[in-house]
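Next up is a structure, given as structure tokens.
None of the figures in this text is laboratory data; all of them are computed from the coordinates on show. Computed from a predicted structure; not experimentally measured. Quick reminder, even Gly has a Cβ in these numbers, built from the backbone with ideal geometry, and neighbours come from all protein chains shown.
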Amino acid sequence: MGVGCGPRGDAAWYNKALTSASSYEEARDACDRVQRVDSRGDCQVAIVERFERYELAECERILGMEPRTAMWRDECVFIVAEGLRQRGELGPALEACVQTRFARQCAWHLVEDEANASLAEEPPVAELRIERFRAARPIPDAAMQFWRIRFRSAAGQGQPPDERVCASLQAATPCLEAFDRGLIELLEARRARDPQQVCPPAGAAGDTMDIAWARGPRADLLLESWRRDRCTPP
């Protein structure tokens, strides 16, 4: 009783679409019966993911309901793009990203997924994943972003950023740029938290800073340069 009207009815239709509907078509029909626009759009996006219906036509159908659903249409495109990548269809996934107002963010998520999927691979093998982004218009800096994400994710698993990773690559420049940016971000974050740790006072005995990256000639020069610019009093 009361399933067809009001907030209570919306909740019932939404719940049916996401839990008890046995087919995509049944779930879509239930979503269509949700009256609140945002709840309806959210419902449609959720069932695209639930039933893995990774088709842009379903996103366009959401947009066709009424103008306020444009946000949900873009969210749907994100889901479709990520689903296509999981199937190994990176080309169509990138083409899907172009269809949204947030094309770069969409493509960045695909780069992030590829970078995280590569963590167990040797760097030259991981580098092969970048080739598929070479013609990706929404994210021309895909290679640098790939290594930036990979360095960060690897650090979360106990593998500190190491400039030697870049030395084994066919294209080392994007990797080195990512390494530099990541190290500077670490230094800036520490400076904001504890300036004396990264900028020891003049006359301090030795450098007691806890290094969160692998030592190397590039890292040492970058640290020296950064300290010269950021630690010297005005």
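Show the residue pairs that are 6+ apart or on different chains and have beta-carbon atoms under 9 Å apart, the first residue being within region 94-109 and free of Cβ contacts under 8 Å to residues at least 60 places away in the same chain and closer than 13 Å to C76 by Cα, the second being of a type in the set (S, T, N, Q) and crowded, with 16+ Cβ neighbours inside 10 Å.
Pairs that qualify, where the first residue is free of Cβ contacts under 8 Å to residues at least 60 places away in the same chain and closer than 13 Å to C76 by Cα and the partner is of a type in the set (S, T, N, Q) and crowded, with 16+ Cβ neighbours inside 10 Å, are C106/Q99; C106/T100.
Another question, if that's okay. Going by the conditions given, is C175 surrounded by 12 or more Cβ atoms within 10 Å (Cβ to Cβ), within 24 Å of the chain's Cα centre (by Cα) and of a type in the set (A, V, I, L, M, F, W, C)?
Taking the combined requirement at face value, the residue satisfies it.
Between a first residue in region 130-153 that is under 19 Å from P92 (Cβ atoms) and a second residue that is part of a loop (DSSP other than H, G, I, E, B), which pairs have beta carbons less than 7 Å apart while being 6 or more apart in sequence or on different chains?
Filtered contacts from region 130-153: F133/I139; A142/A136.
Could you list, in sequence order, all residues of region 23-51 that are closer than 27 Å to R85 by Cβ and part of a loop (DSSP other than H, G, I, E, B)?
S23, F51
Tally up the residues in region 15-35 that are over 15 Å from C76 (Cα atoms), within 30 Å of the chain's Cα centre (by Cα) and charged (D, E, K, R), please.
Number satisfying all stated conditions: 0.
A further question follows. Mind checking which residues of region 151-163 are surrounded by 13 or more Cβ atoms within 10 Å (Cβ to Cβ) and within 14 Å of W213 (Cβ to Cβ)? Spell out the reasoning first.
Quick first cut of region 151-163, residues surrounded by 13 or more Cβ atoms within 10 Å (Cβ to Cβ) only: 151-155, 159-163.
Those that are surrounded by 13 or more Cβ atoms within 10 Å (Cβ to Cβ) and within 14 Å of W213 (Cβ to Cβ): F151, R152, A154, A155, Q159, P160, P161, D162, E163.
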